[in-house]
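**Student:** Before I ask anything, let me first share the structure, which is written out below as structure tokens.
The values are calculated or read from the model by the stated rules, or taken from the named source; none is laboratory data. Just so it is clear, the model here is predicted, and its values are computed rather than measured. Here Cβ is always computed from backbone atoms with ideal geometry, including for glycine, and neighbour counts include all displayed protein chains. Please note that ligands, DNA and RNA were not included when accessible areas were found on the heavy atoms of the full protein model with its side chains. Shrake-Rupley method; radii C 1.70, N 1.55, O 1.52, S 1.80 Å.
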Protein chains: 2
Amino acid sequence: MYSTITYTENTQKQYLYLEVYHRYRELILSDQLLPGTKMPSIRKCAQEWKLSRTTIENAYLQLAADGYVISKAQSGYYVTDIAEKQKKETGSSHLSKPVYRYDFASSGADKESFRFDLWRRYIKSALRQDERLLSYGEAQGELDLREALSSYIRERRNILCSPDNIVIGAGVQSLLQILCPLLSERKTVSFPTPSFIQGSTIFSDFGFDIQYRNKNSEVIYVSPAHMTKWGEIMPVKRRLELIHHASSQNSLIIEDDFENDFVYLQKPTPSLFSLAGGENVVYIGSFSRLLLPSIRLSFMILPPSLLEIYKKKANFYNQTASKAEQIALCQFIRDGHLASQTRKIKRLYSQKLKQLQKSVREVFGENSYIRTGAAGTSLALTLPFSGSSKSLQKKAEKHGLSLSFLEETEQETTVILSCSSMPVQDFLPALHLLHYLCTH
Amino acid sequence: MYSTITYTENTQKQYLYLEVYHRYRELILSDQLLPGTKMPSIRKCAQEWKLSRTTIENAYLQLAADGYVISKAQSGYYVTDIAEKQKKETGSSHLSKPVYRYDFASSGADKESFRFDLWRRYIKSALRQDERLLSYGEAQGELDLREALSSYIRERRNILCSPDNIVIGAGVQSLLQILCPLLSERKTVSFPTPSFIQGSTIFSDFGFDIQYRNKNSEVIYVSPAHMTKWGEIMPVKRRLELIHHASSQNSLIIEDDFENDFVYLQKPTPSLFSLAGGENVVYIGSFSRLLLPSIRLSFMILPPSLLEIYKKKANFYNQTASKAEQIALCQFIRDGHLASQTRKIKRLYSQKLKQLQKSVREVFGENSYIRTGAAGTSLALTLPFSGSSKSLQKKAEKHGLSLSFLEETEQETTVILSCSSMPVQDFLPALHLLHYLCTH
């Protein structure tokens, strides 16, 4: 049944039933045949069209298969209400997402954080490279971008790697989908940083046993610059311990350098990859937080042992990241804009986070329990709210306030407040609303 | 060891060794410390920096780990030649890909096939939607694009589906990486269309047993508009048989509608999805061939049973496709450009393919054995060449001719000639070169 034949005039006959099909479909969709109408009998229709009964029957069967008509035993075919349904469907499929007046749960970017005009210029110039866009991209990612990343990452993160070790993909998950099959011997993974649920999805898709805090897992997935939701970072001492531990039991570390560009310290935080000398660590970097969440560009640096396995399969994967965006980012980095963007982001969000903290003290009192880290755009605030977090969430949503909950005890509820996309002038009104909801 | 502490002044001490590390790293990279130079002893260095020996030792260990120095037993640390290597690496990593004068193996697009100016305008307008680009995209793909696709696919492919059934991704592989884990009960897949090797990679990554032509596999992956490399399409009769067969043994069909827009017939070729009434078929569509290979946008339509499973997991996946490109494509479709692009592509490539066939007859004689289908951009030509295809390929490459081989016997070799990206005026010179190589 899988044999194929070359198209010839003979097979044209097979398409005749489709003419009948299309004609009736049109009549139904344009309401010229209304729901409930009985279709002409096959015999009658065959006479009308001067076609064989089989052809008509095929057309009717097809109409039935597509839901335009329904067959009633011993009676014939009847038009369904599909036309109406279709109209409704396209009309109403805009599922109304709740719109929030104040969004403390957002991971979007601040309007001021990104120079759209600049990025537009780079994309525009990338789209002028007609010749380059006419072909498929390199499986591993565009070479010039990998070169630019290799220099950038050496400068910023002290990581020595050749462009050959870098694999580009549309987001961290795309990279993990390539990485997981390379780790065929390893079957357990731990997430000492519990926040990256998207990462664990891919591991679980590939049959890994997810052990959130098991020290002896064969893969350790960690975000040293985002150890908690309120931005704690992993101290260098712990980094060295982790590397030592991993190497002693031959575990692979996956270092997701998420939000490292949001670490508000003067001193650099060394990457696990460089601390470990590039062995047994996969480094993952991403631009969603640094540039725009809507730009899907991430990269991973493979250690030599994995690179060897990857190389054999590399050409079996198509690149997922947009070629135009890769070309644009490459030039953007070369021109030094990524470095200045990093400085800008740091300044902007560290100021916003400080301001948020100040506003929280103003509204909830000097002694309110706030946890902050050395990085990120969020703080943890423990509220004197004894109801369930679910009831608070419901109340908040009703008032147009979006919250993200961390934990609750009988007396208290802890929320994570992100200043990421909220304008500074909204802090006080949003916090006053939150305070009101906690006390009323 | 996974406990985390908030950053405090105390941990600053831990960064001291990094100052030492960075200073020496700089000296080494700037050639102020040349390869082979002995590093100062730890004792001496500690005195100089007024730091503890442990701190200096940590710095040296780190330098060694990163490859800047090497420790020699009973002697001390010596600078390596890493600085030189690094310079070379960034300089020479442009692996020279062979450049072909005539490329019969290319799957790139014809320069004339795409209106870059138009696409640039749509991308530019998409990039003006600042607010929208500041947030992460919808996991399933932008709703307005899914709506536009749902109408488009109803119009073009006679497929009735709600935007809710459509999942968008950056390329077919990204979609399969979401689809495969949904098929947990199924473990065997067959590829009656043997050409999509990238598809089988994903299935094999997910532990499927790949059985190229086993009729009884639980998943059947098929491209009805691209049954052979020379563009044969699956006749409607076979389509119906396949659906019947699959349904009788409860197999899932994955219909990759690759190159259906390159079918040069007057009559439409019904999709398996619509023929089967939307049950037990996953439909996959892509825009790489229709627009540009560098645009990474594909979509799949899930049947109700799979949609239910997908919905539970949908939010655990991040969208892989560029949001800007999604927004642009949506408006592009709404304005009718996709429909006119399809007409343009059909006209262009059917003419090119005819011309290629004519040129082949001109060069290789009226009786040369050519196979063509009803779709695509390639034909199969059997050459009177008795040597091995490898030897012909080598000769061809030397002469700047890229070929793709299909099969060989003792007397003959069959090549696939693609007119995809080659300009028409190159057909004759390229074919004359091929003829020369076969006979000399």
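**Student:** Provide a single number: the residues in segment A:404-420 that are open to solvent by 10 Å² or more (accessible area, probe 1.4 Å) and touching a helix residue (DSSP H, G or I) at 6+ places or on another chain (Cβ under 8 Å).
**Tutor:** 2
**Student:** Across segment B:164-201, what is the total count of residues that are crowded, with 23+ Cβ neighbours inside 10 Å, at the interface with chain A (Cβ under 9 Å from one of its Cβ atoms) and part of a helix (DSSP H, G or I)?
**Tutor:** The number of residues fulfilling the criteria is 5.
**Student:** Taking into account only those residues within segment B:320-352 that are among the β-branched types (Val, Ile, Thr) and in a helix (DSSP H, G or I), which is nearest to the other protein chains (Cβ to nearest Cβ)?
**Tutor:** B:327
**Student:** To continue, here is another question. Output yes when any residue across segment A:325-346 is touching a Pro at 6+ places or on another chain (Cβ under 9 Å), open to solvent by 40 Å² or more (accessible area, probe 1.4 Å) and either among the acidic types (Asp, Glu) or more than 30 Å from residue A:429 (Cβ to Cβ) (or both), and no when none is.
**Tutor:** no
**Student:** For the subset of segment B:276-290 comprising residues that are among the aliphatic types (A, V, I, L, M) and crowded, with 23+ Cβ neighbours inside 10 Å, which member is nearest to the other protein chains (Cβ to nearest Cβ)?
**Tutor:** Of everything passing the filter in segment B:276-290, B:276 is nearest to the other protein chains (Cβ to nearest Cβ).
**Student:** Give segment A:353-390 a look and list any residue that's charged (D, E, K, R) and in a helix (DSSP H, G or I), or say none.
**Tutor:** Scanning segment A:353-390 gives A:354, A:358, A:361, A:362, A:390.
**Student:** If you don't mind, another one. Among (1) over 30 Å from residue B:117 (Cα atoms); (2) open to solvent by less than 40 Å² (accessible area, probe 1.4 Å); (3) without any contact (Cβ under 8 Å) to a residue 40 or more places away in the chain; (4) touching a His at 6+ places or on another chain (Cβ under 8 Å), which single condition is residue A:205 missing?
**Tutor:** (4)
**Student:** Within the bounds of segment B:5-12, is there any residue that is at pLDDT below 75, buried (at least 17 other Cβ atoms within 10 Å of the Cβ) and either more than 14 Å from every other protein chain (Cβ to nearest Cβ) or closer than 18 Å to residue A:271 by Cα (or both)?
**Tutor:** Scanning segment B:5-12 turns up at least one residue that is at pLDDT below 75, buried (at least 17 other Cβ atoms within 10 Å of the Cβ) and either more than 14 Å from every other protein chain (Cβ to nearest Cβ) or closer than 18 Å to residue A:271 by Cα (or both).
**Student:** Hey, another quick one. Exactly one condition in (1) surrounded by fewer than 24 Cβ atoms within 10 Å (Cβ to Cβ); (2) within 9 Å of chain B (Cβ to nearest Cβ) is not met by residue A:295; state its number.
**Tutor:** (1)
**Student:** Looking at segment B:421-440, which of the residues that are open to solvent by 10 Å² or more (accessible area, probe 1.4 Å) and assigned to a loop (DSSP other than H, G, I, E, B) is modelled with the highest pLDDT?
**Tutor:** In this case the residue turns out to be B:423.
**Student:** Also, quick follow-up: Of the numbered conditions (1) closer than 30 Å to residue A:129 by Cβ; (2) modelled with pLDDT under 90; (3) in a loop (DSSP other than H, G, I, E, B), residue B:277 fails exactly one; give the number of that condition.
**Tutor:** Residue B:277 satisfies every listed condition except (1).
**Student:** If you don't mind, another one. Considering only residues that are modelled with pLDDT of 80 or more and within 11 Å of chain A (Cβ to nearest Cβ), which ones fall in segment B:64-97?
**Tutor:** B:68
**Student:** Let me ask another. Could you please find all residues in segment B:99-116 being open to solvent by less than 50 Å² (accessible area, probe 1.4 Å), farther than 14 Å from residue A:134 by Cα and part of a loop (DSSP other than H, G, I, E, B)?
**Tutor:** Hits for segment B:99-116 are B:104, B:105.
**Student:** Next question, about the same structure. Can you list residue pairs whose Cβ atoms sit under 6 Å apart, with the first residue in segment A:111-128 being in contact (Cβ under 8 Å) with a residue 60 or more places away in the chain and the second being crowded, with 19+ Cβ neighbours inside 10 Å and of a type in the set (Asp, Glu)? Count only pairs 6 or more apart in sequence or on different chains.
**Tutor:** Every condition considered, no pair remains.
**Student:** Filter segment A:369-402 down to residues that are free of Cβ contacts under 8 Å to residues at least 24 places away in the same chain and crowded, with 16+ Cβ neighbours inside 10 Å, then give me how many there are.
**Tutor:** 2
**Student:** Are there any pairs with C-beta distances below 9 angstrom linking a residue in segment A:139-156 that is free of Cβ contacts under 8 Å to residues at least 60 places away in the same chain to a residue that is among the β-branched types (Val, Ile, Thr) and assigned to a loop (DSSP other than H, G, I, E, B), with the two at least 6 apart or on different chains, and if so which?
**Tutor:** What qualifies is A:150/A:159.
**Student:** Which pairs do you get when a residue that is at positive phi and among the basic types (Lys, Arg), found in segment A:175-193, comes within reach of a residue that is in a helix (DSSP H, G or I) and surrounded by fewer than 19 Cβ atoms within 10 Å (Cβ to Cβ), reach meaning Cβ atoms under 6 angstrom, with the pair 6+ apart or on two chains?
**Tutor:** Once the first residue is at positive phi and among the basic types (Lys, Arg) and sits in segment A:175-193, no partner that is in a helix (DSSP H, G or I) and surrounded by fewer than 19 Cβ atoms within 10 Å (Cβ to Cβ) comes close enough.
**Student:** Identify all residues within segment A:362-394 that are within 14 Å of residue A:105 (Cα to Cα) and within 12 Å of chain B (Cβ to nearest Cβ); write none if there are none.
**Tutor:** Across segment A:362-394, the qualifying residues are A:376, A:379, A:380.
**Student:** Among residues belonging to segment B:228-243 that are open to solvent by 10 Å² or more (accessible area, probe 1.4 Å) and closer than 23 Å to residue B:173 by Cβ, point out the one that is farthest from the chain's Cα centre (by Cα).
**Tutor:** My answer is B:228.
**Student:** Answer yes or no as to whether residue A:126 is buried (at least 23 other Cβ atoms within 10 Å of the Cβ) and at negative phi.
**Tutor:** Criteria met by residue A:126.
**Student:** I would also like to ask the following. Tell me, please, whether a residue that is open to solvent by 70 Å² or more (accessible area, probe 1.4 Å), in a helix (DSSP H, G or I), at pLDDT 75 or above and closer than 21 Å to residue A:160 by Cα can be found in segment B:23-41.
**Tutor:** Yes, segment B:23-41 has at least one match.
**Student:** Is it the case that some residue within segment B:401-416 is part of a helix (DSSP H, G or I) and among the acidic types (Asp, Glu)?
**Tutor:** No, segment B:401-416 contains no residue that is part of a helix (DSSP H, G or I) and among the acidic types (Asp, Glu).
Here's the yes/no breakdown for (1) within 18 Å of residue A:158 (Cα to Cα); (2) in contact (Cβ under 8 Å) with a residue 12 or more places away in the chain:
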| position | (1), (2) |
| --- | --- |
| B:27 | yes, no |
| B:32 | no, no |
| B:38 | no, yes |
| B:41 | no, yes |
| B:51 | no, yes |
| B:61 | yes, no |
| B:68 | yes, yes |
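**Student:** May I ask you to list pairs of residues, at least six apart or on different chains, whose Cβ atoms are under 7 Å apart, with the first in segment A:232-250 being among the small types (Gly, Ala, Ser) and the second being surrounded by fewer than 21 Cβ atoms within 10 Å (Cβ to Cβ)?
**Tutor:** Here the result reads A:246/A:280; A:247/A:280, each pair linking segment A:232-250 to a residue that is surrounded by fewer than 21 Cβ atoms within 10 Å (Cβ to Cβ).
**Student:** Given (1) open to solvent by less than 30 Å² (accessible area, probe 1.4 Å); (2) outside any loop (DSSP other than H, G, I, E, B); (3) within 23 Å of residue A:320 (Cβ to Cβ), where does residue A:141 come up short, assuming only one miss?
**Tutor:** Condition (2) is where residue A:141 drops out.
**Student:** Now a separate question. I'd like to verify a number: residues in segment B:120-131 that are of a type in the set (A, V, I, L, M, F, W, C) and within 7 Å of chain A (Cβ to nearest Cβ), how many?
**Tutor:** 2
**Student:** Only one residue in A:54, A:37 is over 43 Å from the mean Cα position of the chain (by Cα) and within 14 Å of chain B (Cβ to nearest Cβ). Which one?
**Tutor:** Of the residues listed, the single one that is over 43 Å from the mean Cα position of the chain (by Cα) and within 14 Å of chain B (Cβ to nearest Cβ) is A:54.
**Student:** Further question: Restricting to segment A:303-319, give me the number of residues that are more than 9 Å from every other protein chain (Cβ to nearest Cβ) and assigned to a loop (DSSP other than H, G, I, E, B).
**Tutor:** Qualifying residue count, segment A:303-319: 1.
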